[in-house]
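Worksheet for the structure shown next.
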Amino acid sequence: MAKTKRFETVHEEKSLTEVTRVLRDRETGVCYLYQWIGTGGGLTVLVDRDGKPLVMDDQSQT
């Protein structure tokens with residue numbers, strides 16, 4: 001039985017020393033910003049203008 005990955009990359013930008021990705025949780029639709037610069041990085045939830053988690057359904061992907 002193949003296991004589906006929970007997170008998918010919906011946007012990505014790269015340079016020699018930086019990686020920026022928007023990840024989407026396939027179960028909840030919540031989006032996260034992941035950034036790696038040099039030797040360190042971080043992850044945070046993306047929020048809408050009301051401060052609520054940004055939710056992207058399957059149909060709203062570009």
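The values are calculated or read from the model by the stated rules, or taken from the named source; none is laboratory data. None of these values were measured; they are calculated from a predicted model. Virtual Cβ from ideal backbone geometry, glycine too; neighbours counted across all protein chains shown. Areas reflect the complete protein model, heavy atoms only, side chains present, ligands, DNA and RNA absent. Shrake-Rupley method; radii C 1.70, N 1.55, O 1.52, S 1.80 Å.
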Handout entry: the chain: most fluctuating residue of GLY51, GLY41, GLY29 per GNM, C-alpha cutoff 10 Å
Key = GLY51
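So, with a 1.4 angstrom probe, what is the percent of accessible area on the chain that is carbon and sulfur?
53
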Practice task
Only Lys, Arg, Asp and Glu count, each charged at its Cβ (+1, +1, -1, -1), so figure out the dipole size of the chain about its Cα centre, rounded to 20 debye.
Solution key: 200
Handout entry: In the chain, the GluC sites (Glu not before Pro) that fall in loop regions by DSSP, at most 13 other Cβ within 10 Å
Key = GLU27
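Loop only per DSSP, at most 16 neighbouring Cβ atoms within 10 Å: give me the trypsin sites (Lys or Arg not before Pro) in the chain, ordered by residue number. Show your work: numbers first, answer last.
Working: sites: LYS3, LYS5, ARG6, LYS14, ARG21, ARG24, ARG26, ARG49; in loops: LYS3, LYS5, ARG6, ARG26, ARG49.
In loop regions of the chain (DSSP not H, G, I, E or B), the sparsely surrounded trypsin sites (Lys or Arg not before Pro) are LYS3, LYS5, ARG6, ARG26, ARG49.
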Fill in the blank from the handout: Within the under-13-Å Cβ sphere about VAL19, not counting VAL19, Lys/Arg +1 and Asp/Glu -1 give a net charge of -1
Exercise for the section: Specify the residue with the greatest mean-square fluctuation among THR20, THR39, THR28, computed from a Gaussian network of the chain linking alpha-carbon atoms under 10 Å apart. Expected result: THR39
Practice task
Mind checking which of VAL45, LEU33, PHE7 is farthest towards the positive end of the chain's charge dipole, using Cβ charges of +1 (Lys, Arg) and -1 (Asp, Glu) about the Cα centre?
Solution key: PHE7
